[in-house]
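The values are calculated or read from the model by the stated rules, or taken from the named source; none is laboratory data. The model shown is predicted, which means the values in this text are computed figures rather than measured ones. Don't worry about glycine lacking a Cβ; one is built from the backbone with ideal geometry, like all the others, and counts go over all protein chains shown. These accessible areas exclude ligands, DNA and RNA; they are computed on the full protein's heavy atoms, side chains included. Shrake-Rupley method; radii C 1.70, N 1.55, O 1.52, S 1.80 Å.
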Amino acid sequence: MERHLREKARWVWRETLRVHRRAPETRLASSLSAVEIFVALYYGGVLRFDPAEPLAAERDRCIISKGHGSICMYPILADLGFFPRIELERVCQAGGILGGIPDPVIPGYETVNGSLGHGLGVATGIALGLKGRNSDRSVFVVTGDGELHEGANWEAIMFASHHQLDRLNLVVDNNGVSMLGHTDDIVAHDSLPDRLQAFGWECHEVDGHDVVSVREALLAMKAQVAGKPKALIAHTRKGNGVPGLEDEDLCHVMNPKPELIDRLLGEES
């Protein structure tokens, strides 16, 4: 399993570069920071899902709040059979289903993801509804650290704790860079675990680029059902692995030159 996860993570990283090479409208830096998170969720036995029936009632829910930063999900979903691989050749093109910002027309995506800061509230509502039906299905939500500047998240955080939504699992892609600069220069996140714990959440941290550790942390979080919502802070690097993009102030809106992408893909082959 460990070797399989690491191989998948490298493959998804490469495929994400290829998607961006064909569709430079996509947000590359935000997607590269989340590769190992999504690989662990979808290949690591964490989520229950059925590609042939994406909306099956018995599925776990995964709300991708940082939708624009999840282009790395496209190769994952295609590989797992949610839609034909040919769609990867038509990202942001007429007739294709894969856009620059994902939406629920794409099998495997649960919600509209264009406006940041709302995924956690949606996930909290879903978790409350499932609890009311005595369902044992888990709800995961993947957010960026920058979108936690939005106040609606903290309303959801208070609500989830009050209602003891212990099947709600928040994963924060803590890559340290927002749209126009480092998050700590805007509103510091250095005490994020303490803040979540103060609101009544169970909170843990992990190296977000160690896919094996991420999987272990996610499985442990899912298994813990003890009256508290749970959060995992995954420490990542925005633009991971791309020189001139990684961790730059404006990497959110930067596009590497096609020649650089070709060189990186050549080095990986």
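General remarks:
- On Cα atoms only, tilt of 151-162 relative to the major axis of the chain in degrees: 40 degrees
- Gaussian network model of the chain, Cα within-10 Å springs - most flexible of Ile126, Ile86, Ile76: Ile86
- Computed from Cα atoms, the angle from the helix 211-223 axis to the main principal axis of the chain rounds to 20 degrees.
- Taking the longest Cα principal axis of the chain as reference, the axis of helix 2-22 is set at about 60 degrees.
- Low-density loop cleavage sites - GluC sites (Glu not before Pro) in region 61-150, where at most 15 other Cβ are within 10 Å (DSSP): none
- Annotation: the antiparallel percentage among DSSP beta bridges lying fully within region 2-268 is about 10.
- Think of each Lys and Arg Cβ as +1 and each Asp and Glu Cβ as -1; about the Cα centre, that makes the dipole of region 162-269 roughly 600 debye.
- The stretch between Leu265 and Ser115 holds 50.8 nm of extra length on full extension. This uses 0.36 nm per residue minus the Cα-Cα distance.
- Calculated on C-alpha atoms, the gyration radius of the chain divided by its Kirkwood radius gives an Rg/Rh of 0.94.
- Comparing Met179, Met221, Met73 in a Gaussian network model of the chain, where Cα atoms under 10 Å apart are tied by springs, the biggest mean-square fluctuation is seen for Met179.
- About the centre of its Cα atoms, the chain shows a dipole size close to 740 debye [charges on the beta carbon of Lys, Arg (+1) and Asp, Glu (-1) only; nearest 20 debye].
- Considering only His235, His162, His68, the mean-square fluctuation computed in a Gaussian network model of the chain, springs between alpha carbons under 10 angstrom, is largest for His162.
- Dipole of the chain, positive end: most advanced residue of Ser115, Met73, Gly176 [Cβ charges, Cα centre]: Met73
- Value at 222 nm in deg cm²/dmol, rounded to 500, when DSSP H runs of n ≥ 4 in the chain each add -39,500 (n - 2.57): -11500 deg cm²/dmol
- Whole-percent carbon and sulfur share, accessible surface of the chain, 1.4 Å: 51 percent
- With R₀ set to 45 Å, the beta-carbon distance separating Arg137 from Ala94 gives a calculated FRET efficiency near 0.80.
- Förster radius 35 Å - calculated FRET efficiency between Val225 and Arg18 (Cβ-Cβ, nearest 0.05): 0.35
- For region 106-143 versus region 178-229, the inter-centroid distance based on Cα atoms is 17 Å.
- Trypsin sites (Lys or Arg not before Pro) within region 58-147: DSSP coil, no more than 15 neighbouring Cβ in 10 Å: Arg133
- Per residue accessible area of the chain, 1.4 Å probe, in Å²: 42 Å²
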